[in-house]
């Protein structure tokens, strides 16, 4: 009988130890054990790191506590009774001159568009303005914001389809957000 089996049989409340075996990690947070908490609130600039050439390093099996990771680029993992993982990280991308010029052109076009209820133009303009603000303050903008803007522009849910700047904005975003 192992110590973990004895602890369980005797009702000591102790659980297996050991665990966590990570082959590669670049940022993020990992915690293991009862009430473990892992939280990642980092801001990463640029593209996520590519996995190592030839795939992730071999990951040996974890001990009794569990958890194994082949490769991880940010995020949060927690394992154990009442464990909590929070990934509140932000992936930031550098706002390119092409993106900023296309966003400015679209905002100029939107300024003269007739608005109707439900056309989505105000929502698009607000997202464009947020991209401009973030770029002016920090020189970069959130990857999730760009992805949300691209979805707004390409979903057909807004009345931006006829704007001359549409293709340039979508193309500039697509270069930054895969």
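The values are calculated or read from the model by the stated rules, or taken from the named source; none is laboratory data. Everything numeric in this text was worked out from a predicted model, so none of it was measured. No Cβ is skipped: glycine too gets one built from the backbone with ideal geometry, and neighbour counts run over all protein chains shown.
Worth pointing out:
- Reported count of residues in region 107-127, each being in a helix (DSSP H, G or I) and closer than 14 Å to residue 163 by Cα, is 8.
Residue-by-condition table, conditions (1) exposed (fewer than 15 other Cβ atoms within 10 Å of the Cβ); (2) on the phi > 0 side of the Ramachandran plot:
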| residue | (1), (2) |
| --- | --- |
| 71 | no, no |
| 81 | yes, no |
| 97 | yes, no |
| 102 | no, no |
| 108 | yes, no |
| 120 | no, yes |
| 124 | no, no |
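- Residue pairs whose Cβ atoms lie under 6 Å apart, sitting 6 or more positions apart in sequence or on different chains, and linking a residue in region 93-108 that is free of Cβ contacts under 8 Å to residues at least 40 places away in the same chain to a partner that is surrounded by 20 or more Cβ atoms within 10 Å (Cβ to Cβ), are 107/128.
For every residue, the table says whether it meets (1) in contact (Cβ under 8 Å) with a residue 60 or more places away in the chain; (2) surrounded by 15 or more Cβ atoms within 10 Å (Cβ to Cβ); (3) more than 24 Å from residue 40 (Cα to Cα).
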position	(1), (2), (3)
111	no, no, yes
139	no, no, no
146	no, yes, no
150	no, yes, yes
169	yes, yes, yes
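- Residue 164 vs. criteria surrounded by fewer than 17 Cβ atoms within 10 Å (Cβ to Cβ) and closer than 21 Å to residue 88 by Cα: no
- Annotation for region 82-96: at least one member residue is at pLDDT below 90, over 24 Å from residue 149 (Cβ atoms), outside the structural domain of residue 140 (by TED's automatic domain parsing) and in a loop (DSSP other than H, G, I, E, B).
- Candidate set: region 22-46, residues that are outside any loop (DSSP other than H, G, I, E, B) and surrounded by fewer than 15 Cβ atoms within 10 Å (Cβ to Cβ); chosen: the one modelled with the highest pLDDT: 43
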